[in-house]
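> Next up is a structure, given as structure tokens.
The values are calculated or read from the model by the stated rules, or taken from the named source; none is laboratory data. As the structure is a computational prediction, the values presented were derived from the model and not from experiment. We place every Cβ from the backbone using ideal geometry, glycine too, and count neighbours over all the protein chains shown. We work out accessible area using only protein heavy atoms, side chains counted, and drop any ligands, DNA or RNA first. Shrake-Rupley method; radii C 1.70, N 1.55, O 1.52, S 1.80 Å.
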Amino acid sequence: MELNGKIVAITGGGRGIGQAIAVGLAKKGAKIAILDLDQDALAKTKALVEAEGSEARGYQCNVADEEQVESTFSRIVADFGSIEGLVNNAGILRDAQLIKVKEGKVVKKMSAYHFELVVDVHMKGAFLCAREAAAHMVELGVKEGCIVSMSSIAYRGNFGQTNYSAAKAGIVSMSRVWAKELGPYNIRSMAVAPGTIETELLRSMPADILEDFAKMVPLRRIGNTDNIAQAVESIFENSYLSGDVMEVHGGFTI
Ligand SMILES: NC(=O)c1ccc[n+]([C@@H]2O[C@H](COP(=O)([O-])OP(=O)(O)OC[C@H]3O[C@@H](n4cnc5c(N)ncnc54)[C@H](O)[C@@H]3O)[C@@H](O)[C@H]2O)c1
Ligand SMILES: CC(C)C1=CC=C(C(=O)O)[C@@H](O)[C@H]1O
């Protein structure tokens, strides 16, 4: 896909990886619809996209809420006149072990609330946004569409991340389904699975744990948001990439 002039919606685009993707795609001339919960973050990314000479609009939207997602995608199409791309990127962490045991006694369990919350934001959110974006793309008769959904290397099953690993594995599977179902409309679908990338999501972890993460990577460093933005750009630009997961982790796999 030639990105210049194309309309791309990015969820969780207010900061971190989503913001870097917005700026990277804007540098190639894409117009960006930024979706996020956080109004201030929306305004920051909008300003960064405009500084690249492109257009942006911010939409406050909880991706896990069906009505909000439906109305937001209708507004995007009304505002921009089209939609050719979607990056499902919004995410949260609520890490915990399934059960925590001390001296033979279970002292803590992962709550069903945190399981549902993480699955709702990542997996239901990606499902709802892909459904609405694809429906508009098909009805508008766009020549080429592309959906990129953010998974994680945790999709293979990471210690302490039952909820997150399940959601990220679901995103890989759904991306493969969408490639099959939407391919006949020339809409491609790919997942991206980053390793450890330095953003606020990770900065919430203790410094010694972050140092340990870096030591586990063959390249001996944590990745940056531009590493992921470049992967997303390459997927948009390669018209034969579909139905798989691109892993970006400096050689570190779970
Ligand atoms: N940082 C990493 O190491 C890493 C690694 C692998 C995968 N990922 C994935 O990359 C994506 C971005 O991660 P990040 O590190 O930039 O996170 P981040 O916390 O810096 O940014 C996430 C953004 O998503 C928004 N968001 C959260 N819940 C939302 C909701 N319900 N609706 C709309 N927006 C919502 C937040 O407001 C925030 O702006 C996530 O899907 C994450 O799981 C991150
Ligand atoms: C395995 C570990 C370094 C790790 C991988 C992926 C993450 C992610 O946010 O997707 C991190 O949470 C971290 O646990």
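> Residue by residue, what Karplus-based ³J(HN,Hα) values in Hz, rounded to whole numbers, does region 168-173 have, using 6.51, -1.76 and 1.60 with θ = phi - 60° and x for Gly and Pro?
Running phi through 6.51 cos²θ - 1.76 cosθ + 1.60 with θ = phi - 60° gives 6, 5, x, 5, 5, 5 Hz.
> Report the antiparallel proportion of the DSSP beta bridges in the chain as a percent, rounded to a multiple of 5. Mind showing how you got there, number by number?
Numbers: 4 of 33 bridges.
Close to 10 percent.
> Choose one of Pro184, Ile228, Thr45: the residue whose Cα lies farthest towards the positive end of the charge dipole of the chain (beta-carbon charges +1 Lys, Arg; -1 Asp, Glu; about the Cα centre).
Ile228
> Can you run phi through the Karplus equation (6.51, -1.76, 1.60; θ = phi - 60°) for region 36-41 and list ³J(HN,Hα) in whole Hz, with x for Gly and Pro?
So the J values, rounded to whole Hz, are 6, 6, 9, 4, 4, 5.
> State to the nearest 20 debye the size of the charge dipole of the chain about its Cα centre, where the only charges are +1 on K and R beta carbons and -1 on D and E beta carbons. Mind dumping the intermediate values first?
On the way: 27 positive and 31 negative charges, 153 e Å.
Dipole of the chain, to the nearest 20 debye: 740 debye.
> Using a simple spin-label model with points 7 Å from Cα along the Cα→Cβ vector, what separation in nm is obtained for Lys100 and Ala214?
Simple spin-label model gives 2.7 nm for this pair.
> Moving to a separate point now. Of all DSSP beta bridges located in region 1-127, what percent are antiparallel, nearest 5? Intermediate results must be reported in sequence, preceding the final value.
On the way: 4 of 17 bridges.
Given both bridge residues lie in region 1-127, the antiparallel proportion sits at roughly 25 percent.
> So what is the calculated 222 nm ellipticity per residue for the chain, using -39500 (n - 2.57) for each DSSP H run with n of 4 or more, over all residues, to the nearest 500 deg cm²/dmol? It would help to have the intermediate numbers written out before the result.
Working: 9 runs with 112 residues, N = 254.
The helix contribution divided over the chain gives -14000 deg cm²/dmol.
> Hey, got a sec? Which trypsin sites (Lys or Arg not before Pro) in region 188-249 land in a DSSP loop and have at most 11 other Cβ atoms within 10 Å?
Working: sites: Arg188, Arg203, Lys215, Arg220, Arg221; in loops: Arg220, Arg221.
Hits after loop and neighbour filter: Arg220.
> Additional query: Please identify the chymotrypsin sites (Phe, Trp or Tyr not before Pro) of region 181-254 that satisfy two criteria: DSSP loop assignment and at most 16 other Cβ atoms within 10 Å. Which are they?
Numbers: sites: Tyr185, Phe213, Phe236, Tyr240, Phe252; in loops: Tyr240, Phe252.
Filter output for region 181-254: Tyr240.
> Please compute the per residue accessible area over the chain with all protein chains in place, 1.4 Å probe, rounded to a whole number of Å². Mind showing how you got there, number by number?
Details: 12290 Å² over 254 residues.
I get 48 Å² per residue for this part.
> Next up: Once the cut-off is 27 Å, how many percent of the Cα-Cα pairs in region 47-202 end up in the long-distance tail? Walk me through the numbers on the way to the answer.
Working: 3808 of 12090 pairs.
It works out to 31 percent of all Cα pairs.
> Moving on. In the chain, carbon and sulfur make up what percent of the accessible area (probe 1.4 Å)? Please list the in-between numbers first.
Values: 6130 of 12290 Å².
C and S fraction of accessible area: 50 percent.
> Oh, and also: Would you please classify the overall shape of region 1-135 from the alpha carbon gyration tensor, given that a ≥ b ≥ c denote the square roots of the eigenvalues, rounded means a/c under 1.5, and beyond that prolate means a/b larger than b/c while oblate covers the rest? Write out the running numbers ahead of the final one.
Details: a/c = 2.93, a/b = 2.12, b/c = 1.38.
In terms of gyration-tensor shape, prolate.
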